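Trainee: A single structure is presented below for examination.
Read the figures in this text as sums done on the coordinates, not as results from a lab. Keep in mind that this is a model prediction, so the values were computed, not measured. For neighbour counting, all protein chains shown are included, and Cβ atoms are generated from backbone atoms with ideal geometry for every residue, glycine included.
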Amino acid sequence: MDEKDFKDLKPNPLKGLYSSEHVASGIPIPKTKRIELFSPDEWEEFTEEWATSLEDKYHKVRRFGGAGDKGLDVAGFVDNSSFDGGWDNYQCKHYDKPLSPSNIWVEIGKVIYYSFIGEFPAPRKYYFVASKGIGTSLGKLLSNPKELKKKTQENWGKNIQDKISRRFQQGLKTSC
């Protein structure tokens, strides 16, 4: 073989996405796809980290997520008085599809119930942070407070009250 039989190999970045750098570092994952790799706990951690970047809006941000969180995943506190100084709730949902109304009833019910019994005051604002976004029907519902209230009341008996807590269920039995 003669040297003229060899061809210089030069990567052409315009030809494709992949390069020799990807052998060591892996193929880049688009940000929207990377979010899909998070677990629900990692999604809450990510949301907490993001909310701390809103330093002009909050004095402190705290994550409460997990079993028994009373509908609180991440809370942003307006001042150092914690809940009493005003707060916003960030409800984290890491599902494989956009949120629908059936995904939110229990979460809304928890915040209504626990604020009603005095565990904490009602939030100033309530946000759903969903990895796949909000579906059309839920988006329409959230943009219409009167309809949201009506639908929450309609769903209370069949989709909310029995799923909030045993304490709530026991309270209902003793007060009826």
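Trainee: Taking 0.36 nm per residue of separation and subtracting the Cα-Cα distance, what length does fully extending SER137 through ILE112 add?
Mentor: Stretched fully, the SER137-ILE112 segment lengthens by 6.8 nm.
Trainee: Sticking with this structure for a sec: With N set to the residue count of region 37-166, report its C-alpha Rg divided by 2.2 N^0.38 Å to two decimal places.
Mentor: The value comes to 1.03.
Trainee: Still on this model: For region 86-129, which chymotrypsin sites (Phe, Trp or Tyr not before Pro) are both in a DSSP coil and crowded by at most 16 other Cβ atoms within 10 Å? If you can, show how the numbers build up before the last one.
Mentor: Values: sites: TRP87, TYR90, TYR95, TRP105, TYR113, TYR114, PHE116, TYR126, TYR127, PHE128; in loops: TYR95.
The qualifying sites are TYR95.
Trainee: Relative to the present Cα-Cα distance, how much length would full extension add between ALA67 and GLU147 at 0.36 nm per residue of separation?
Mentor: Working: separation 80, 0.36 × 80 = 28.80 nm, distance 2.94 nm.
Going from the current span to full extension adds 25.9 nm.
Trainee: Then there's this: As an exercise, use a Förster radius of 45 Å and the Cβ-Cβ distance of SER53 and ASP5 to find the FRET efficiency, rounded to the nearest 0.05.
Mentor: FRET efficiency, SER53 to ASP5: 0.20.
Trainee: How high is the relative contact order of region 18-176, in percent, with contacts defined as C-alpha pairs under 8 Å that are six or more residues apart?
Mentor: Details: 197 pairs, mean separation 28.3, N = 159.
Reported relative contact order: 18 percent.
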